[in-house]
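> One structure, as structure tokens, below. Some questions next.
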Amino acid sequence: MISTDLRKAQDFLGLLGPRFQREHPIHAGLYKLQFAFARYLLSSGFVNAFLAGLDAWDALSATWVRAMGHPRYLKIGGRPVFKVLIPEVFLNNQCGGNVTLAEALLQRLRVASRAAGVGEALVGGGWQTPAIPAAGPPPTPRPHPNGYMLYPSTGILCDTPCVLATQNVTDVLACQHLCNATGSCAAATVSKNASTQGLLQCQLLSTAGPGTPDNSVDVYVRVSSYVDTYEWTGTYNAAPPLCKDGSGGYMQCPRYVNSWFPNATAHGAKIFPYKECADYQAQARGNHTNDTVPYVASLIAGFDPRPWEEHSPSFATPSAAEWEEALRQAKAAAEANLFGFPVTQGGHHTVIPAVTIYAWNEFGEGGILAPTRGQGTMLLDTVAKVFRSVRAMP
């Protein structure tokens, strides 16, 4: 469960009260409460509040720390889990692009939770996975000895202000040296093909995401951009698959374009099979098999943003068989690739396999795990079936 404020957390706990516990035993073993610091909360009165002082942050931290004391709050190795939903928004909007300030605020939260006796917060960042083609093998990030993580054939979307400098270099290492010497550099793109003079184009960027497929460049994300701040990463709901565009790049699949209301039919949007969304998610998870910090895999329970009239494709609610297949695939991937939360046991660092599900009650976007009139508790029943034998997290 992910919530943005204490009221929503209280509402959630009310939904999962004694009656629900009796009627659906999955709750006792699998549901935990976790806080995510999200843009929704930040855009409603707290924008730039931290730049004016620490009072707003400390007040929020006090709310979060109180919730961390709840017996059903998710803890790993005795540490309450906390997620910054979109680190880029947190850094650039709330901290004015000041990395030192962002790290200091999250450290204040860790100190506050430890002082309250609930354990030091295990802070993660919601990484927006670079987009990958649905029909081909995903790019695999590889830890780089010079402190960078490589995303092959992937670009970074940004407006012109995020481009710090463009320079021709002899090799990748030279580009990384330039980024290291530029304090605000968070990532660098390097052209895959050299010029006639044998030089590569190096572009220094002030942001590390989100990304998009681009066969002409590779991205090197500066590990210090997030490893020092976040102990684990994750994703949220990157749903629509991509297709080849015929020129070596990728784009939104033509069958999805303008499929939303009111363009698709006289009766509304076109609905695509859930399997297309699930298969794409399965491939996207492969993008993080070699991350330098633990990655918590994501699974989408559905995506249908028609209530919000988003210009994005809608997918059908999964059948019981489709949902079980997606769950088992995610579970197997987490166990095989050690997707999950970091934990220290007996002096050894390891990873507790884990997945997150989008979402409990995103009724406006179709990510719905909560019981409904149409599906009843089928989605929950299937989660219980697939994960029933999973041991409790430490």
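The values are calculated or read from the model by the stated rules, or taken from the named source; none is laboratory data. These figures come from a predicted structure and were not determined experimentally. Note that each Cβ is placed from the backbone with ideal geometry, even for glycine, and that neighbours are counted across all protein chains shown. To get the accessible areas, we keep the full protein, side chains included, count just its heavy atoms, and leave off ligands, DNA and RNA. Shrake-Rupley method; radii C 1.70, N 1.55, O 1.52, S 1.80 Å.
> Go through segment 58-97 and report how many residues are open to solvent by 50 Å² or more (accessible area, probe 1.4 Å) and within 11 Å of GLY119 (Cα to Cα). Write out each step before concluding.
In the first step, residues of segment 58-97 are kept if they are open to solvent by 50 Å² or more (accessible area, probe 1.4 Å); the result is 58-59, 66, 70-72, 75, 79, 88, 92-93, 96.
From what's left, within 11 Å of GLY119 (Cα to Cα): 75, 79.
Here the count works out to 2.
> Among THR317, THR356, which is the only one that is closer than 26 Å to PRO240 by Cα and part of a strand (DSSP E or B)? Talk me through it step by step, then tell me what you get.
Details: THR317 fails: part of a strand (DSSP E or B).
Only one candidate passes the filter, namely THR356.
> When you scan segment 314-349, how many residues do you find that are open to solvent by 70 Å² or more (accessible area, probe 1.4 Å), over 14 Å from ARG285 (Cα atoms) and of a type in the set (S, T, N, Q)? Give the steps one after another, and end with the answer.
Restricting attention to segment 314-349, the residues satisfying the condition of being open to solvent by 70 Å² or more (accessible area, probe 1.4 Å) are 317, 321, 325, 328-329, 335-336, 338, 344-346, 348-349.
With over 14 Å from ARG285 (Cα atoms) added as a condition, the list becomes 317, 321, 325, 344-346, 348-349.
So of that shortlist, the ones also of a type in the set (S, T, N, Q) come out as 317, 344-345.
Counting residues in segment 314-349 that are open to solvent by 70 Å² or more (accessible area, probe 1.4 Å), over 14 Å from ARG285 (Cα atoms) and of a type in the set (S, T, N, Q) gives 3.
> Which pairs do you get when a residue that is closer than 22 Å to ARG255 by Cα, found in segment 293-322, comes within reach of a residue that is assigned to a loop (DSSP other than H, G, I, E, B) and among the polar types (S, T, N, Q), reach meaning Cβ atoms under 7 angstrom, with the pair 6+ apart or on two chains?
ILE300/ASN237; GLY302/THR317; PHE303/ASN237; PRO305/SER312; PRO313/SER259; THR317/GLN375
> Still on this structure, I have one more. For ARG373, all conditions in the list (1) open to solvent by 50 Å² or more (accessible area, probe 1.4 Å); (2) out of contact with any Asp or Glu (no Cβ under 8 Å at 6 or more places or on another chain); (3) at pLDDT below 85 hold save one; what is the number of the exception?
Going through the list (1) open to solvent by 50 Å² or more (accessible area, probe 1.4 Å); (2) out of contact with any Asp or Glu (no Cβ under 8 Å at 6 or more places or on another chain); (3) at pLDDT below 85, ARG373 breaks only (3).
> Are any residues in segment 160-199 closer than 20 Å to LEU150 by Cβ, hydroxyl-bearing (Ser, Thr, Tyr) and open to solvent by less than 70 Å² (accessible area, probe 1.4 Å), and if so, which ones?
THR182, THR189, SER191 - these are the residues of segment 160-199 that are closer than 20 Å to LEU150 by Cβ, hydroxyl-bearing (Ser, Thr, Tyr) and open to solvent by less than 70 Å² (accessible area, probe 1.4 Å).
> Do you know which of the residues in segment 98-111 that are modelled with pLDDT of 80 or more and open to solvent by less than 40 Å² (accessible area, probe 1.4 Å) is nearest to HIS348 (Cα to Cα)?
Per the stated criteria, the residue is ARG110.
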